[in-house]
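Working notes, beginning with the structure itself.
The values are calculated or read from the model by the stated rules, or taken from the named source; none is laboratory data. The structure displayed is predicted, hence computed values, not measured ones. Using ideal geometry, Cβ is built from the backbone for each residue, glycine included, and neighbour counts are taken over all protein chains shown.
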Amino acid sequence: MNRRWFIKILLALGLGAYFPSLAEASRLDELHTPQDGYQPLTSVKFLRQVITRDSRTSRTLMWSSEEPSQVEWQLVGEESAHFAAVTQRNSICSCTLTNLKPASLYRFRITAGTRATSWQKLLTAGDGAFQMLIFADSQCERYEVWQRTADIAAEIFPEAELVTVIGDLVDNGQADYQWRAWHLAATKILSGRTFAPVMGNHECYGVDWFNALPTGYLEQFALPDNGAKNFRGYFYSFDYGAAHFVALNTQFAELDALKTGLQSAQEFFLRRDIANANRPWNVVLMHKDIYDYAQDTFNDIAEKFLELFDELAIDVVFTGHLHTYRNRGKIFARTKSSHGTTYVMCGRAGDQRYVEPHSAIDDVTASDLRGEAESFIALNISADELHLTCRTVDGKILDDFTLTKPTRHPYGQR
Ligand SMILES: [Fe+2]
């Protein structure tokens, strides 16, 4: 019996928890099976393709390893291969590929001498229709639950190109073991897809559980520059296909005492960013929600953003944080409306359960709030339509709706 089968049998017997290194080896098996006569480069772990501002022409590759290495990459179908240098800091490696062709399939691998990872798929964004997967609150006590949510989504929606987790990726942002468990669980969902993370409040806790700067999160993901020197990586924007996305930061309660000026920096950024955006759809991703369900009223986050989103005509805002799926439909001037911004709060992808009361503001809620299962959203965006499906891990459709643009918006003109 070879080693791979021995590991598979142990895992099938449910013994993975007793042999965490075997569970890790099994999860990283595909990455550690090189082609072309290379030996496995097993020091490479937790590979992710991180979003760049122009996802059509560039991609940032990141992974964990203590070894020097380089990236070999090529357009699929072309003979010539290219090599790119890697920067390494605190065992986190990073390499940004640039001048890529839009809507094209590339492959890359990480090499060190005679050792390499397997070839990995890299798909650059185009200008038109695409599918993405949205998760929130993957924080866990047992990351097998996040892994199950992510793996089910990957299996049902294999064509999804872009993945986001809208905050609280991990339970404690400065605990290394949490990041390792999160990445290992995300191996399948992040393989061959672009990842756009959003910071949540749990990324802003130290191991002593006091508020802390989000150093763990910022180390994990090298994100597009927002021009704000003091808040690099805290918020950012990017284009993908027919949509422009802005990932905002709602951690005022955690960060304001540690670093001042988050809201003014974001407002300055957001106004300028949306003024320059030229995609048919403008979508905001931010962790904390706009509603206080206990008091049945808009909350302090709504105070900071609702008027701004009205003014900038944001199409859809996705939030998380309360671990329950809610679709509030369109809201304009703090009132439910036939026009304005659609507000969707994602359910949880991890194992931390909260129960929030019903409210008349919701158009759609889970029918059994106490038993609400982990869920995720599949979003299909084209120039004319945005179609959302929210599914639980046990296959229930919680929501399904389509937004349309009244007229076609040629790029460069809204
Ligand atoms: Fe949260």
| field | Segments classed as strands (runs of 3 or more DSSP E), wholly inside segment 66-108, with at least 1 members that are of a type in the set (Gly, Ala, Ser) and assigned by TED's automatic domain parsing to the domain that holds Gln39 | value | 82-84, 92-97
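So is Thr335 touching a strand residue (DSSP E or B) at 6+ places or on another chain (Cβ under 7 Å), in the same structural domain as His202 (by TED's automatic domain parsing) and not hydrophobic (A, V, I, L, M, F, W, C) or not?
Criteria not met by Thr335.
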| said: Can you tell me which residue is nearest to Ile51 (Cα to Cα) among those in segment 183-196 that are in contact with an Asp or Glu (Cβ under 9 Å, 6 or more places away or on another chain) and not hydroxyl-bearing (Ser, Thr, Tyr)? | reply: Arg193
| task | Would you list the helices (runs of 4 or more DSSP H) that sit entirely within segment 241-323 and hold 3 or more residues that are farther than 20 Å from Asp168 by Cα and away from the ligand (no atom under 16 Å from the Cβ)? | result | 262-276, 300-312
| query | Going by the structure shown, is Tyr343 buried (at least 23 other Cβ atoms within 10 Å of the Cβ) and within 16 Å of the ligand (Cβ to nearest atom)? | reply | no
| In segment 174-200, what residues are within 16 Å of the ligand (Cβ to nearest atom) and crowded, with 22+ Cβ neighbours inside 10 Å? | Trp182, Pro197, Val198, Met199, Gly200
| Counting only residues that are within 16 Å of the ligand (Cβ to nearest atom) and closer than 30 Å to Ala125 by Cα, which one in segment 202-234 is surrounded by the most Cβ atoms within 10 Å (Cβ to Cβ)? | Glu203
| task | Hand me the list of strands (runs of 3 or more DSSP E) wholly inside segment 112-204 holding 3 or more residues that are charged (D, E, K, R) and over 17 Å from the mean Cα position of the chain (by Cα). | result | none
| field | Ala366 vs. criteria buried (at least 18 other Cβ atoms within 10 Å of the Cβ), more than 25 Å from Ala242 (Cβ to Cβ) and away from the ligand (no atom under 16 Å from the Cβ) | value | yes
| Condition check for Glu141: within 16 Å of the ligand (Cβ to nearest atom), among the acidic types (Asp, Glu) and on the phi < 0 side of the Ramachandran plot | yes
